[in-house]
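A quick write-up on the structure given underneath.
Rule-based calculations on the coordinates, nothing more; no lab input. These numbers come from a predicted model, not from an experiment. A quick note on method: Cβ atoms are made from the backbone with ideal geometry, for glycine too, and the neighbour counts reach across all protein chains shown.
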Amino acid sequence: MKFDVACFGSAVVDVFVGTDVSERNKEISYPVGGKILIKELKFDIGGGGTNTAVAFSRLGLRTGCICKVGSDENGREILEMLKKEKVDFLGETAKDSKSKSGYSIILDSRGGDRTILTYKGANDEIEKKDIKKFKTKWLYLSSLLGKSFETQKKLAETLKRKGVKIAFNPSSYLIKSKNLGSLLRITDVLILNKEEAEMLTKNKGKDLLKALYDLTKGIVVVTNKDKIVECYDGKKRFSIIPHKIKVVERTGAGDAFASGFVAGRIVGKPVQECLKLGLRESESVIKYFGAKNNLLRFKLK
């Protein structure tokens with residue numbers, strides 16, 4: 001089968017831990033030796049690979065997901081979820097019992113923000129031999145490290161030569177630890193938040209969009225939480241202002257926005273319409289717990 005988009009990223013089990021701890025000076029602090037009561041405990045499946053794959057699939061796009069899971073209960077839950085969401089699994093289940101599925105602990109504060117502790121596990125062990133053969137129009141890359149990052153680069157370069165479009169959503173830890181130059185140069189759509197954009201360009205000036213465009217020559221999009229979202233395609237600048245809504249939980253908002261924007265590009269929508277779709281996806285997600293629970297469901301095609 002030929003896909004509209006194949007997502008290459010992480011697959012994890014998320015556990016949301018809600019406490020009454022407040023944020024102070026942009027930090028969530030827990031006393032050493034203390035015991036903190038958990039007010040809410042919820043489980044879900046997350047990770048940039050599965051979050052975006054589900055978003056694309058729910059919009060009616062033929063979607064594949066390249067990820068790696070352990071041969072454990074969490075791995076089985078991830079695969080069952082992908083099947084239920086009509087996403088084709090293009091990755092591999094680790095045969096080594098020591099290779100565990102990814103796991104994230106999301107520590108939510110009373111202020112509505114969160115800190116995420118992530119165990120990558122099998123996510124960082126993807127090799128070329130782990131990927132099933134497939135054809136696609138677009139390849140969407142979210143952050144991975146280790147062997148997986150090198151595999152992402154090689155696959156992106158191979159598919160780019162075949163005319164496949166590349167979308168890239170790098171995280172701060174990837175920007176800090178890897179040289180992304182060769183990957184950025186073949187990227188058609190680059191999406192990241194303002195902090196990541198400044199880190200990538202080493203630029204806190206006004207022309208952040210131009211600095212990003214110079215790295216990739218593709219469409220660049222910069223989000224900034226509840227502030228203006230900006231975009232540049234090398235000729236024209238676009239923007240959109242988020243609505244004032246009550247935020248329940250922000251996990252997955254970036255993945256939702258990025259997949260909404262890229263989905264619009266896949267079906268040929270103008271850039272401004274893509275921004276609207278991305279914003280609609282992200283604002284839908286942050287009203288609820290979980291990165292996927294309130295992703296939009298309708299046919300784009």
### Query
By counting other Cβ atoms within 10 Å of each Cβ, how are I240, I106 ranked from fewest to most?
I240, I106
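Provide the gained length on full extension for the span K269 to T158, in nm with one decimal, where the gain is 0.36 nm per separating residue minus the Cα-Cα distance.
Numbers: separation 111, 0.36 × 111 = 39.96 nm, distance 2.63 nm.
Extending this stretch completely gives an extra 37.3 nm.
I need to check one value: relative contact order of segment 48-193, counting alpha carbon pairs closer than 8 Å and at least 6 residues apart, in percent. Before the final figure, lay out the partial values.
Values: 220 pairs, mean separation 25.3, N = 146.
With pairs under 8 Å counted, the relative contact order is 17 percent.
For segment 174-301, what is the percent of antiparallel DSSP beta bridges, rounded to the nearest 5?
About 60 percent, rounded to the nearest 5.
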### Query
So for the pair K299, K135, with labels modelled 7 Å out along Cα→Cβ, what separation do we get in nm?
2.3
### Query
Per 5 Å bin, what percent of the C-alpha pairs of segment 153-194 does each bin hold, from zero upward?
5, 22, 33, 23, 11, 5, 0
## Note on the structure
Between the modelled labels at N203 and S71 (7 Å from Cα along Cα→Cβ) the distance in nm is 4.9
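What translational diffusion coefficient, in µm²/s and rounded to a whole number, does the Stokes-Einstein relation yield for segment 175-301 at 37 °C and a viscosity of 0.692 mPa s, taking the hydrodynamic radius as the Kirkwood radius over Cα pairs? Show your work: numbers first, answer last.
Values: Rh = 15.0 Å.
Using the Kirkwood radius from Cα pairs, D works out to 219 µm²/s.
For K244 and D124, what does the FRET efficiency come to when R0 = 25 Å and r is the distance between their Cβ atoms, rounded to the nearest 0.05?
Given R0 = 25 Å and the Cβ-Cβ separation, E is 0.05.
Going by how many other beta carbons lie within 10 Å of each one, how would you line up F134, F168, fewest first?
Numbers: F134 15, F168 26.
So the residues, fewest neighbours to most, are F134, F168.
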### Message
Taking only the Cα atoms of the chain, how large is their convex hull per residue, in Å³?
### Response
137
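Determine the relative contact order of segment 196-301: mean sequence separation of Cα pairs under 8 Å and six or more apart, normalised by residue count, in whole percent. Walk me through the intermediate numbers first.
On the way: 157 pairs, mean separation 20.3, N = 106.
Once divided by the residue count of segment 196-301, the mean separation gives 19 percent.
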#### Entry: Mean Cβ count within 10 Å, highest first, over the residues of peptides 274-287, 3-16
3-16, 274-287
### Task
Give the calculated FRET efficiency between Y288 and I105 to the nearest 0.05, with a Förster radius of 30 Å applied to their Cβ-Cβ distance.
0.95
### Query
Stretched out fully, how many nm does the piece from E80 to E195 gain, at 0.36 nm a residue minus the Cα gap?
37.9 nm
### Query
What length, rounded to one decimal in nm, is gained on full extension from K236 through to D214, with 0.36 nm per residue of separation minus their alpha-carbon distance?
6.5 nm
### Average Cα contact separation per residue, the chain, under 8 Å, 6 or more apart, as relative contact order %
18
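Among bridges DSSP assigns within the chain, what percent are antiparallel (round to 5)? Walk me through the intermediate numbers first.
Working: 22 of 55 bridges.
DSSP beta bridges in the chain are roughly 40 percent antiparallel.
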